[in-house]
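Just below is one structure, and these are the notes that go with it.
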Amino acid sequence: MIDGDLDRMSEMLGDPTVMAFYPAPKTRGESADWIDRARRSYEEHGHGLWIVETQEGDFVGDCGITWQSSNGRPVLEVGYHVRTDLQGRGYATEAATACVALVRRELAPTLLTAIIHPDNTASRRVAENLGMTHIDDDRAHPWIVRTVMGMQLA
């Protein structure tokens, strides 16, 4: 992600449908922070969220590998967001599959997770398509218990 991605990222992260399982859609400023965090992650860890585009260069969303917290413990997570009009076409699964291959090649052995709002069946389907199963419930947030899907990569 680069500063030039702000318009399309803020449009996607500001979309109430894309962000339905977050506390609220992101503002333009919060989207800029999102990009900054991704760039810091590249520097600190060598990975983060990346822009996803079609072969023709059309913006699809973002996907990548980030460090998150589950029940107060750091976990490596694959995350993904797809524009509303492109959801259900397999883009998240395709991008996340590439991330799994990267983790298997560069970071294994490790546990790879996907932390999902319990009502987000589409995201859970992506995780299941990757080969993940339910491994835990994240109870670190008092307002929601999130589903933690995962798989051990050797």
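Only the coordinates and a few stated rules stand behind these numbers; no lab work does. In this text the structure is predicted, and so the values were computed from the model without any measurement. Note that each Cβ is placed from the backbone with ideal geometry, even for glycine, and that neighbours are counted across all protein chains shown.
A DSSP coil position with no more than 12 other Cβ atoms inside 10 Å describes the following trypsin sites (Lys or Arg not before Pro) in segment 68-154: Arg89.
So what's the net charge close to Met151: Lys and Arg +1, Asp and Glu -1, counting the other residues with Cβ under 13 Å from its Cβ? Could you put the intermediate results ahead of the total?
On the way: positive: Arg104; negative: Glu77, Glu128, Asp136.
Charge balance near Met151 sits at -2.
Were the residues from Glu44 through Thr110 laid out at 0.36 nm apart, the gain over their Cα-Cα distance would be 22.0 nm. Neighbour counts of C-beta atoms inside 10 Å place Glu77, Glu106, Glu128 in the sequence Glu106, Glu128, Glu77, starting with the fewest. Amide H to amide H, with H built 1.01 Å from N, Gly14 comes under 5 Å of Lys26, counting only residues 5 or more places away or on other chains.
Residues whose amide H lies under 5 Å from that of Leu153, counting only those 5 or more places away or on a different chain, are Thr110, Leu111, Leu112; hydrogens are built 1.01 Å from N in the peptide plane.
Legend: ranking of residues Phe59, Phe21 from fewest to most surrounding C-beta atoms inside 10 Å; resulting order Phe21, Phe59. In this structure the amide hydrogen of Glu53, modeled in the peptide plane, comes within under 5 Å of the amide hydrogens of Val60, none closer than 5 places in sequence on its chain. Each Lys and Arg contributes +1 and each Asp and Glu -1, all at the Cβ; summed about the Cα centre of the chain, the dipole is approximately 480 debye. Here each label is just a point 7 Å from Cα along the line to Cβ, and for Arg89 and Thr121 those points are 2.3 nm apart.
If Lys and Arg each add +1 and Asp and Glu each add -1, what is the summed charge of the other residues whose beta carbon sits under 10 Å from the beta carbon of Ser10? Combined, the nearby Lys, Arg, Asp and Glu give -2. Entry note, the chain: the mean residue ellipticity at 222 nm calculated from DSSP H runs of n ≥ 4, each adding -39500 (n - 2.57), is -10500 deg cm²/dmol after division by the residues and rounding to the nearest 500.
How large is ³J(HN,Hα), in whole Hz, for each residue of segment 46-59 in order, when computed from phi with the Karplus curve 6.51 cos²θ - 1.76 cosθ + 1.60 and θ = phi - 60°, using x for Gly and Pro? Working through the residues one at a time gives x, 7, x, 7, 10, 6, 10, 10, 6, 4, 7, x, 7, 5 Hz. In this label model, Ala140 and Thr54 are separated by 3.7 nm, measuring between points 7 Å along each Cα→Cβ vector. Reported to the nearest whole Å, the Cα centre-to-centre distance from segment 56-91 to segment 1-16 is 14.
Taking label points 7 Å from Cα along the Cα-to-Cβ direction, Ala32 and Glu11 give a separation of 1.9 nm.
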